[in-house]
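Step one of this worksheet: look at the structure below.
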Amino acid sequence: MPGLKSWIRRGMEMLLCVALVFATAAQAARTEGDAPPSVPIAQLVARAKEYDGKILTVEGEAIGDLMKRGNHAWVNLLEDGVAIGVWLTEEQASQIHELGRYGNSGDLIQVRGTFHRACPDHGGDLDMHAAAIQILRRGSKKTVEAKPGRLAASIGLCILGDCSRSYGGAVSGKLRAPDPPGI
Amino acid sequence: MKKNDSLKDMRIILYYTGNILVGVALLNIIPLLTALIERDAASAADFTLSLGATLTLGAALSLLGNNGERAGWKHGMVTVAFSWIVAMVAAALPHWLSGHFGSYLDCVFDVMSGFTTTGLTLVQDLDHVSDSLNMWRHLITFVGGQGIVVLALALFVGEAGGGYGFYVGEGKDERLFPSVLHTAKAIWRISLLYLVLGTLAMWIVCISIGLNTGRGFLHALWIFMSSWSTGGFAPMSQNMLYYHSRLFELVTFIFFIIGSFNFALHAAVLKGERKELLRNLETMSFGTTMSLLSFFTAWGLVRLHVYPNLVALIGKGFYQLASAHTTTGLMTIYPQQFATEWGDTALLAVIIAMMFGGSACSTAGGFKGLRVGILFKALVQDTRRLLGTSKSIVIQKYHYHGERTLGEQQVRSAALVVLMYMGIFAMGTLAGCMAGYPFLLSVFESASATGNVGLTVGLSSPSMPAFLKIVYIFNMWAGRLEFMAILASMGFVASLFRGGRRARA
Ligand SMILES: [Zn+2]
């Protein structure tokens, strides 16, 4: 009799365990299906070991160049002074229009994908492989205006510098060659 | 009498510094043209302002100092040390006007880092910097590599003269030709030849990895300037990691290895003496230490499973080590990864590589392969002396553009320079610790600044304390000029005070 009782109890315990495992797996699958957690790029770089191989979301400004490589492309995303390379398909890359440069702000992009601390496919680069990208905000061009005060000062100084230089030149002629070493 | 002498000395120094400054002013024309071509009026105004201000200052100094006297050895030395400081302050003006720096100290730090081909930077939001400012930063690094005084000599001195003091003061003690002027011009010829070839090669690579023609050209030019002069600047904040290309990294690797060779070696090879490449004490020294340190780096990285495969191990481990040993400072990893991933063994190997540095009379820093080689030969000689009979005289030979005999004076000066390097390196480390950074990271950053390398574990940032910025500026300056010019200047300043006291008494 005590044998049967303990057998039932063990059975119950096992059932509970299985249920628990299923519940966590289901939970994990659900978070995976929804948007995975968004991580600041600076934090990704600083704690790369922790996030290695995880599926996550980053946001940043597309900067510089869209570098096509075969049917893929690289773009770098910048957020708070730290940038990360994102490996995209040609189709994803075609959604990016504006790239951040001098006087330009690039498209603000959200990327969901796999993070690699040292990517085996890309020579150990720290990178993201995009599964999906979304444009959050289009970038814009702005012209950087020259300051009139600086312009006037610069012209004035150039004239002054040139005058004193030619005055000096008239006084001394060509720059004298220094003496041979006297030691 | 004494007072008059030092006044005379001072005027000679001012005269030459003024002329060097005029040379620096004229360099502004290149970024100015860049801005004009791109119709960037704001940057064009900034560079015109900088051109005018530097020209005025230079002309004023040379007028002030113009007394018809010729410069001797001492004047050359002091002029070099002094003009590097003045040029640093003047060349930082465009940085300041760009609005990408937190303070004028940060600008000055960036310029000194450029002139000394270090590559540490305090720029903010580099990814949105104008092309003309990037042109200026990389031009500074390119010119600094060959020497700003060497440039001024090549530009302005019409007749063939001596001026060996100017030349040695800038850390180049190899005379390719009997005349310094010829040597200065030869150095520039070699560099410009490589600039044209290197930029073309790099341009092709840039286009093949997906940059457009225009940006590809600019990046090719800048990255060439940075690698060849073993500088370490790059136009984007991710440095080499921005390009995500092994081919790109390989080409920069070739450039900075070649750039770290002695100009005399370049001249010999260009003349067809290829054998020199394999027998030269300096290249032998470099090859030996590079192999040993590669082993230690690989050991450290493999043990900690830092990289998934051999390609990554070479592209990250070996590249960083070579960048350190040639004192370049280009990086294919993030600064934090040194600290959080590499582990102590690999980090230590990189630190030692940064201290050893490249070749004498090249654009590289560190205490140089030649000195490491000479000290090693001296060690061998002394060991042979100990083992031999007391009466025999042990003669140690080495190959350096011909067979040479190791002399006591060479060993002495090599040992002194290495000792002084270690001294300011220790000072930089102490300053880092005082600012609250961990020991190993302070060691790393100090070795990087002192050896004019530019690799960083992240200490060098706009937020680091001002006194640490000043210590690093001093270390970059002293390390680049190799102390002689600085010791001479200190002696000169001391003599001024002594002279003043005597005159009053
Ligand atoms: Zn990858």
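Please treat every number below as a calculation from the coordinates, not as lab data. Here the structure is a predicted model, which means the values were calculated and not measured. For neighbour counting, all protein chains shown are included, and Cβ atoms are generated from backbone atoms with ideal geometry for every residue, glycine included.
A few comments on the model shown:
- Region B:75-145 and region B:233-305: distance between their alpha carbon centers, rounded to Å: 25 Å
- Paramagnetic label zone (point 7 Å from Cα along Cα-to-C-beta, A:Val144; backbone N under 13 Å) in region B:1-45: B:32, B:34-36, B:38-45
- The packing ranking of peptides B:198-204, A:138-144, B:330-336, highest mean first, is B:330-336, B:198-204, A:138-144, where packing means the average number of other beta carbon atoms within 10 angstrom of each residue.
- Each other residue within a Cβ distance under 15 Å of B:Thr288 adds +1 if Lys or Arg and -1 if Asp or Glu, for a net charge of +3.
- Simple spin-label estimate for B:Gln381 and B:Ala41 in nanometres, 7 Å along Cα-Cβ: 6.7 nm
- DSSP-assigned coil residues among trypsin sites (Lys or Arg not before Pro) in region A:40-131, each with at most 15 further Cβ atoms within 10 Å: A:Arg47, A:Lys54
- Full extension of the chain between B:Ile85 and B:Asp344 gives 89.6 nm of extra length, using 0.36 nm per residue less the Cα-Cα distance.
- Greater than 20 Å apart at Cα, pairs in B:Lys185/B:Lys271; B:Lys275/B:Lys397; A:Lys49/B:Lys316; B:Lys271/B:Lys397; B:Lys377/B:Lys397: B:Lys271/B:Lys397
- Beta bridges from DSSP with both residues in the protein assembly as shown: antiparallel share about 90 percent, rounded to the nearest 5.
- Length gained on full extension, B:Leu440 to B:Lys8, computed as 0.36 nm times the residue gap minus the Cα-Cα distance: 150.7 nm.
- Computed from the Cβ-Cβ distance with R0 of 35 Å, the FRET efficiency linking B:Leu250 to B:His305 stands at 0.90.
- With a simple spin-label model that places each label point 7 Å from the Cα along the Cα-to-Cβ direction, the separation between B:Tyr104 and A:Ala131 comes to 5.4 nm.
- Shielding by partners, peptide B:38-48 (average Cβ within 10 angstrom, other chains): 5
- Calculated FRET efficiency for the pair B:Leu487/B:Asn67, C-beta based, R₀ 22 Å, to 0.05: 0.30
- Model label zone, A:Arg47; criterion: amide N under 20 Å from point 7 Å along Cα-to-beta-carbon; scope region B:447-467: B:458
- Cα centre as origin, Lys/Arg/Asp/Glu Cβ charges: the protein assembly as shown dipole, Debye: 2080 debye
- Extension reserve of the A:Asp121-A:Glu13 stretch, reckoned as 0.36 nm per residue once the Cα distance is removed: 34.4 nm
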